[in-house]
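A quick write-up on the structure given underneath.
The values are calculated or read from the model by the stated rules, or taken from the named source; none is laboratory data. Just so it is clear, the model here is predicted, and its values are computed rather than measured. Note that each Cβ is placed from the backbone with ideal geometry, even for glycine, and that neighbours are counted across all protein chains shown. Only protein heavy atoms, including side chains, enter the accessible area calculation; ligands, DNA and RNA are left aside. Shrake-Rupley method; radii C 1.70, N 1.55, O 1.52, S 1.80 Å.
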Protein chains: 2
Amino acid sequence: MGRIALLLVAVAALAGVVTYMPPASGQVDKEAAPIFVKEIPPGYRDWRLISVAHEEGNLNDIRAILGNDVAIKAYREGKLPFPDGTIIARIAWSYVPSEENNKVFGRPQSFVAGSPTNVQFMIKDSTKYAAAATGGWGFAQFDKDGKPGDEAFMKTCFPCHAQEKARDLVFTRYAP
Amino acid sequence: MGRIALLLVAVAALAGVVTYMPPASGQVDKEAAPIFVKEIPPGYRDWRLISVAHEEGNLNDIRAILGNDVAIKAYREGKLPFPDGTIIARIAWSYVPSEENNKVFGRPQSFVAGSPTNVQFMIKDSTKYAAAATGGWGFAQFDKDGKPGDEAFMKTCFPCHAQEKARDLVFTRYAP
């Protein structure tokens with residue numbers, strides 16, 4: 001490992017980005033920032049449905065969780081941990097009452113997807129994202145304009161997901 | 001039209017099933033029960049997502065609305081009325097708080113899909129389902145065991161959907 005690479009590791013470690021020291025042969029750029037996925041996986045809006053959810057509180061969204069073919073297959077087979085190639089997409093929209101639906105139903109009961117808020121992804125690649133650092137997952141968030149989340153925010157993904165260790169860091173269960 | 005067919009039309013009309021008298025060449029069995037779709041469209045769980053919603057009240061469900069390829073294309077192109085071949089699927093699950101998610105988040109905020117409640121479909125076929133009777137749509141509901149809704153229940157679909165005439169009887173808008 002060259003001096004510049006070592007320096008980068010040291011800086012990243014001080015910044016709290018690295019929680020895992022790669023072996024001497026490790027590639028520092030891959031290990032140092034395992035949680036920063038900068039590209040939106042193409043075609044995700046066409047993926048199949050895993051489940052749906054509503055988050056109250058600050059989020060106040062309604063969401064769909066979609067999976068690519070690898071993800072859907074693993075879910076349906078109950079396969080854990082998820083294999084490399086798995087991508088899980090979480091699309092969220094603002095949670096809004098539907099006045100037009102309520103008018104037809106004759107009472108306030110209907111809540112629908114409003115404007116998009118953001119999209120998140122978990123990408124399983126145990127080579128690219130160190131197993132010891134993030135369980136082999138890369139995390140990503142993009143706002144409604146496609147802008148990725150900043151580093152401070154992205155660092156909050158893993159500690160929360162890590163609490164779902166028994167389900168390979170994934171919160172969402174498959175909805176039959 | 002034979003005497004038996006005429007009799008059937010008369011009986012159906014008295015029962016309130018027929019709201020449209022077919023032309024003399026019309027096939028009575030198709031016109032008399034336009035809203036009863038008895039077969040679950042195959043593969044619907046693999047269709048692409050249109051949107052998500054939560055219904056309070058007696059339903060108390062969280063739901064995903066999926067579309068077959070014809071439906072998704074029409075939605076994305078803003079095409080109205082929906083073309084023949086469109087099938088829209090609405091899958092609903094009981095709306096349940098997620099104790100396991102809330103434990104991680106440190107507060108009650110997460111609601112997820114519980115057990116399946118039922119699945120509904122709207123199938124556009126202007127030949128099979130008379131335009132004047134149901135706007136060319138066939139309606140269907142199947143409970144979690146795949147059992148279709150009874151006739152009394154199925155007759156409630158159209159009058160409610162008919163109030164969304166400006167959107168070809170479809171409540172759900174596409175979530176981008």
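Given the criteria over 14 Å from the mean Cα position of the chain (by Cα) and either more than 14 Å from chain A (Cβ to nearest Cβ) or small (G, A, S) (or both), does B:G149 qualify? Give the steps one after another, and end with the answer.
Working: over 14 Å from the mean Cα position of the chain (by Cα): no; either more than 14 Å from chain A (Cβ to nearest Cβ) or small (G, A, S) (or both): yes.
No; evaluated as a whole, the condition is false for this residue.
Among the aliphatic types (A, V, I, L, M), within 14 Å of another protein chain (Cβ to nearest Cβ) and touching a residue at least 12 places away in the same chain (Cβ under 8 Å): which single residue out of B:A113, B:A130, B:A140, B:A166 fits that description? So that I can check it myself, show each step before the final result.
On the way: B:A130 fails: within 14 Å of another protein chain (Cβ to nearest Cβ); B:A140 fails: within 14 Å of another protein chain (Cβ to nearest Cβ); B:A166 fails: touching a residue at least 12 places away in the same chain (Cβ under 8 Å).
Only one candidate qualifies: B:A113.
Just wondering, is there one or more residues in the range A:100-116 that are under 18 Å from the mean Cα position of the chain (by Cα) and modelled with pLDDT of 95 or more? If you could, list the steps in order and put the result at the bottom.
Here is the first cut: in the range A:100-116, the ones under 18 Å from the mean Cα position of the chain (by Cα) are A:116.
Those left that are additionally modelled with pLDDT of 95 or more: A:116.
Yes - at least one qualifying residue is present in the range A:100-116.
For the range B:74-176, which helices (runs of 4 or more DSSP H) that fit wholly inside it have 1 or more residues that are under 30 Å from A:D46 (Cβ atoms) and open to solvent by 50 Å² or more (accessible area, probe 1.4 Å)?
In the range B:74-176, the matching helices (runs of 4 or more DSSP H) lie at B:99-105.
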